[in-house]
Amino acid sequence: MPLVARPGLDRIQPYQPGQKPIGGGGPGVKLSANESALGPSPKAMAAYADAGGVIERYPDANAVRIRQALADRYGLKVENILMGIGSDELLSALVRTYAGAGDEVLYPTATFPMYRIYALSTGADIVQAPDTDYRADVDALLAAVTERTKVVIVANPNNPTGTYLTSDEMERLRAGLRDDILLIIDAAYAEYVSKADYDAGIALVNATDNTVMTRTFSKVHGMASLRIGWCYAHSDIVSLVGRIRSPFNVSSAGQAAGIAALEDKTHEDAVIAHTAKWHSIASQRLTGLGLEITGTEGNFVCVGFPDEEGKRAKDADAFLRKSDIITRSMAGFGLPKHLRVTIGTDKEMETCLDAIEEFVRAW
Ligand SMILES: Cc1ncc(COP(=O)(O)O)c(C=O)c1O
């Protein structure tokens, strides 16, 4: 008898990461993975280098110091925080904890493709509620709930559209969901949002026992390579997910760097200011060219191109690639007419925006 995998895995297409510049003639601009333009805090780098001297010991399995640092920073209780190998590990573990074969995992249409992979890998089915104007639609999500729904995931703000649900809208979503449905608020880009009507999810987690907020050190803290994420949830959820995570999931050097990053608010503020400046410049320049920008939040802009010969997103992608400028095709995210451009350094942004302008002016 041949070896046979669990049924259903053939429904999964592997995740396509953002591509890298190929080098050679062009400047080599990578704006495809929503990494930080300014990189990590120098203090985090120093802490990483210090801790990197001792690699023969297992890390603190309970990651007590970094959880305490997060608790202090955000006014949370340590026992409600769980660390992960990026927020990816926690999203996967949360879905596996609450959904399985025969269940449904529900999320909006144009969003982070890993939700699909995590849901299908548990044997659950996926249901996607249509967005309205590139935003998650609370009514559409509620209308898509069935008796099989076990988990609802909303990226807030959303990758790739940069739109967000207000705290009132998120509360309305939670209130409309049955109590036995887990609501995951994926707040990977929360730090970039300064809108008064936005909450990353802390208030809703505090008010309920079936909501979880996931966060990451990969974006504003510029530590994507170290793979550090965390979630905040009721202690019952933390306890269950804690049983199925990998035991030493965050390295000692990663924990040390994360603590130093949290302490360096000056660097974090500089990253946020740089991102806001270029988000605004990019949005103005691109809309000035007649292109559509889908949202206002995050360290990226999602740009829509006309559905006409030679003007499509794929044509823009090919044009940019000729200069070794790599943005992200949004076809795999459910938006085939769009490219997502991560906010890069001043030079990278000027190079990329000039190239898009050259592409459009030639129409
Ligand atoms: C919406 C969203 N959630 C989660 C992640 C995963 O981040 P991490 O690096 O913490 O695994 C990403 C990464 O791009 C993301 O865009």
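The values are calculated or read from the model by the stated rules, or taken from the named source; none is laboratory data. Owing to the predicted nature of the structure, the values given are computational and were not obtained by experimental measurement. Neighbour counts run over all protein chains shown; Cβ positions are idealised from the backbone, glycine included.
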Output for the stretch 71-84, where each listed residue is crowded, with 20+ Cβ neighbours inside 10 Å and of a type in the set (A, V, I, L, M, F, W, C): Ile81, Leu82, Met83
One residue from Val29, Val95, Val54 being among the β-branched types (Val, Ile, Thr) and surrounded by fewer than 16 Cβ atoms within 10 Å (Cβ to Cβ): Val54
Of residues in the stretch 273-297 being among the hydrophobic types (A, V, I, L, M, F, W, C) and crowded, with 18+ Cβ neighbours inside 10 Å, the one nearest to Val193 (Cα to Cα): Trp278
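How about the stretch 154-169: which of its residues are in contact with a Leu (Cβ under 9 Å, 6 or more places away or on another chain) and surrounded by fewer than 24 Cβ atoms within 10 Å (Cβ to Cβ)?
Step one: of the stretch 154-169, the residues in contact with a Leu (Cβ under 9 Å, 6 or more places away or on another chain) are 154, 156-158, 160-161, 165, 167.
Correct list: Ser167 only.
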Complete set of residues in the stretch 116-144 that are in a helix (DSSP H, G or I), touching a helix residue (DSSP H, G or I) at 6+ places or on another chain (Cβ under 7 Å) and closer than 24 Å to Gly162 by Cβ: Tyr118, Ala119, Val138, Leu141, Leu142
Criterion: touching a strand residue (DSSP E or B) at 6+ places or on another chain (Cβ under 7 Å) and of a type in the set (A, V, I, L, M, F, W, C) - qualifying residue of Ala175, Ala207, Ala203, Ala119: Ala119
Test: residue in the stretch 91-98 that is in a strand (DSSP E or B), touching a residue at least 24 places away in the same chain (Cβ under 8 Å) and within 16 Å of the ligand (Cβ to nearest atom): no
Where Ile259 falls short, out of the listed (1) among the hydrophobic types (A, V, I, L, M, F, W, C); (2) in a helix (DSSP H, G or I); (3) assigned by TED's automatic domain parsing to the domain that holds Gln68; (4) surrounded by fewer than 17 Cβ atoms within 10 Å (Cβ to Cβ): (4)
Only one of Leu204, Leu226 that is touching a Phe, Trp or Tyr at 6+ places or on another chain (Cβ under 8 Å) and at pLDDT 95 or above: Leu226
Filtered residue count, the stretch 99-123, keeping only those that are within 14 Å of the ligand (Cβ to nearest atom) and among the charged types (D, E, K, R): 1
Candidate set from the stretch 175-195 (those that are without any contact (Cβ under 8 Å) to a residue 60 or more places away in the chain and within 13 Å of the ligand (Cβ to nearest atom)); member that is surrounded by the most Cβ atoms within 10 Å (Cβ to Cβ): Ile185
Selection count, the stretch 211-226, where residues are part of a strand (DSSP E or B) and within 9 Å of the ligand (Cβ to nearest atom): 3
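Within the group Thr345, Thr351, which residue is surrounded by fewer than 16 Cβ atoms within 10 Å (Cβ to Cβ), in contact (Cβ under 8 Å) with a residue 12 or more places away in the chain and among the β-branched types (Val, Ile, Thr)?
It is Thr345.
Regarding the stretch 227-236, can at least one residue be identified that is over 24 Å from Pro336 (Cα atoms) and assigned to a helix (DSSP H, G or I)?
Yes, the stretch 227-236 contains at least one residue that is over 24 Å from Pro336 (Cα atoms) and assigned to a helix (DSSP H, G or I).
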Residue that is surrounded by the fewest Cβ atoms within 10 Å (Cβ to Cβ), among those in the stretch 229-256 that are at pLDDT 95 or above, β-branched (Val, Ile, Thr) and away from the ligand (no atom under 13 Å from the Cβ): Val238
